[in-house]
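To keep things clear, I will list the structure first and then write my remarks on it.
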Amino acid sequence: MPGGIVLEFPELYLFPSGLWITVQLAILSLLGSLVLGTLVAIFRVAPARPLRWIGGAYVEIFRNTPLLVQLFFLYFATPYIGIYLGTRETFAFNAALLGLALYHAAYVAEVVRGGLLGIDKGQIEAARSLGLSYLQALRYIQLPQTFRSVIPPLGNVSIALVKNTSLAATIGVADLLYAGEIVESRTFRAEEAFVAVALLYLVLTVPLGIGVNWLERRLQVAR
Amino acid sequence: MRPDTWHLFVDPAILRFFGEGLLQTLLLSVAAVGLSFAVGLLFALGRLSTRRWLRWPSTAYVESIRALPVLLLIVYFGIKGSSLLRPVFGEGFELPRFWAGVFGLALYTSAILAEIIRAGILSLPRGQTEAARALGLSHARSLRYVILPQALRLMVPAMMAQLTTIIKDTSLVATIGVAELVRQGRILYTQFFNPIEVFLFIGAIYFVICFGLSQASRRLELGRAPKAIRDVALRDLAA
């Protein structure tokens, strides 16, 4: 009987706990990627060429290799270099968190860079001639103005990030997808298990998508 | 400290091992692109149809598949692909894992491509359709001979950009046991305990392919594509 799984399977707590892990992973790695990505973007538009070069290399390396390879490197290879990302219990979660933040920071950096380059040069020149330092002009004039133009594309990056948290399951983080796989392997009810997982992912991504569309329209009208 | 194993990566046997993985990665990408383009085109046309019974299901398909993780679809086909297709191919049919991976990838990518194709068609001036219809072409013929050739040309850079995402996504098929690059890498490092070298090596292979493709698509000037196509193309690039 479809849906009978709810009555028969006592370990359904796996779904809410998996959902909670996915949400934690998404929020924390989004925050990390916003901070790191903004820094990389500032590097990419810096007046000094070596800084621009470092920012560019970061973006190209992390965008042009699969997230899965990056996660596997962080999970399997770091102990060999003598880096321990956590205790036995927290190791996989930390590796996934770090990997997701590093990967999406490259996409955040491209968005923020686009926003910074979109600002009229005259604004920066005016700020500098009023005696603001380069960093002050960046902090008080440039960055606040990019806010409006970067919000919708950053929304798209965060939707992608939520979906990409599912890769954490491959290194053994007990997230939503992992919960589905466990339930499937114990009950052999792939349909019910994966439909439940899919619906829970939709609960996370669809409202985000609607929110991004709404913001996009609102910010366009306001311009 | 363990001695490093870089010398393995010039060994012809090891290189052949990775070469086989690379071949699988490329075959997966080609099959997934081909299938998802065909399916994506159908759903793009469905979404643009004037008939509600075509438009609504197509919209639901595109919007819901796009909102799901591609890994979920791959894992699902890995587990259930065989039994899903048994009504078609008969009892005892076993879906090769390669094709389970292709179906998972293509299902997801078709939704993305449907959006790009739809944006491409919508970016053409309405006058094109109207002129074609006024000249006596049927709806299907005006699509086939007037609209699609122009729209597809506008989409080439966006599709190239999407191709790098598909190539990166093929790595996920390692999780259902297809012997592509990442899978080969895992097999190798469990033998030699050298995950650092293995994942740097594999990462470098992906980098060369994807960076090369993204440079090529930059040369094709994604920046000059109509804004609507560009927005849609950039929207799902990270996933």
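All of the numbers you see were taken from the coordinates with simple rules; none came from a lab. Only a predicted model underlies this, so the values are computations on that prediction, with no experimental measurement involved. Cβ coordinates were reconstructed from backbone atoms using ideal geometry, including for glycine residues, and neighbour counts include every protein chain displayed.
Brief remarks on what is shown
- Placing +1 on the Cβ of every Lys and Arg and -1 on the Cβ of every Asp and Glu, with nothing else charged, gives the protein assembly as shown a dipole about its Cα centre of roughly 1860 debye.
- For chain B, modelled as a GNM whose springs connect Cα atoms under 10 angstrom apart, the maximal fluctuation among B:ILE176, B:ILE65, B:ILE79 occurs at B:ILE79.
- Extension gain, B:ARG153-B:GLN128: 0.36 nm per intervening residue step, less the Cα-Cα distance, totals 7.5 nm.
- 3J(HN,Hα) couplings calculated from phi for the stretch B:66-71 with the Karplus curve 6.51 cos²θ - 1.76 cosθ + 1.60 (θ = phi - 60°) are, in sequence order, 4, 8, 9, x, 5, 4 Hz; Gly and Pro show x.
- Calculated [θ] (222 nm, deg cm²/dmol) that DSSP helices of n ≥ 4 give over chain B, each run adding -39,500 (n - 2.57): -25500 deg cm²/dmol
- Hydrodynamic radius by Kirkwood, which averages 1/r over all alpha carbon pairs of chain B, in angstrom: 19.8
- Phi-based couplings in Hz for the stretch A:109-115 (Karplus 6.51, -1.76, 1.60; Gly and Pro marked x): 4, 5, 5, 5, 4, x, x
- Inter-centroid distance (Cα atoms) of the stretch B:4-58 relative to the stretch A:57-118, Å: 24
- Exposed loop positions in chain A were taken to be GluC sites (Glu not before Pro) whose DSSP state is not H, G, I, E or B and which have at most 12 other beta-carbon atoms within 10 angstrom. Between these positions, the longest stretch is A:90-223.
- For the stretch A:5-222, the Cβ-based charge dipole about the Cα centre amounts to some 1060 debye (Lys, Arg positive; Asp, Glu negative; other atoms uncharged).
- Our note on the geometry: Cα centres of the stretch B:70-90 and the stretch B:183-236, 27 Å apart.
- Neighbour-limited loop hits for trypsin sites (Lys or Arg not before Pro), the stretch B:1-90 (at most 13 other Cβ within 10 Å; DSSP other than H, G, I, E, B): B:ARG51
- Residue order, fewest to most surrounding Cβ atoms within 10 angstrom, among B:ILE202, A:ILE141: A:ILE141, B:ILE202
- Of the two radii for the stretch B:98-239, the radius of gyration is 1.13 times the Kirkwood radius, both from the alpha carbons; that is the Rg over Rh value.
- MRE, 222 nm, helices only [DSSP H, n ≥ 4, -39500 (n - 2.57), over chain A, to nearest 500]: -24500 deg cm²/dmol
- Gaussian network model of chain A, springs between alpha carbon atoms under 10 Å - residue of A:ALA92, A:ALA105, A:ALA190 with greatest fluctuation: A:ALA190
- With the charge dipole of chain A set up from +1 on Lys and Arg Cβ and -1 on Asp and Glu Cβ about the Cα centre, the Cα lying farthest toward the positive end among the listed residues A:ALA26, A:ALA168, A:THR90 is that of A:ALA26.
- Shape category assigned to the protein assembly as shown from the gyration tensor of Cα positions, a/c cut at 1.5: rounded
- The charge dipole of chain B, taken about the Cα centre with unit charges on the Cβ atoms of Lys, Arg (+1) and Asp, Glu (-1), comes to about 1080 debye, rounded to the nearest 20.
- Highest-fluctuation residue, A:LEU100, A:LEU154, A:LEU51 considered, GNM on chain A with Cα pairs under 10 Å: A:LEU51
- Pairs of C-alpha atoms in the stretch B:48-99 farther apart than 18 Å represent 53 percent of all such pairs.
- For the protein assembly as shown, with +1 on Lys and Arg beta carbons and -1 on Asp and Glu, the positive-most of A:ALA190, B:GLY101, B:SER123 along the dipole: B:SER123
- FRET efficiency, B:TRP6 to A:GLN145 (Cβ-Cβ, R0 45 Å, nearest 0.05): 0.40
- Fraction of the pair-distance distribution of the stretch B:1-108 above 23 Å, Cα-Cα pairs, percent: 49
- Least to most buried among B:MET160, B:MET155 (fewest other Cβ within 10 Å first): B:MET160, B:MET155
- Where chymotrypsin sites (Phe, Trp or Tyr not before Pro) in DSSP loops with at most 14 other Cβ within 10 Å are excluded, longest remaining stretch of chain B: B:94-192
- Partner lysines for B:LYS168 [C-alpha distance under 27 Å; skip if fewer than 8 residues away on the same chain]: A:LYS163, B:LYS80, B:LYS227
- In summary, the stretch A:5-222 shows an alpha-carbon radius of gyration equal to 1.21 times the 2.2 N^0.38 Å reference for compact globular proteins.
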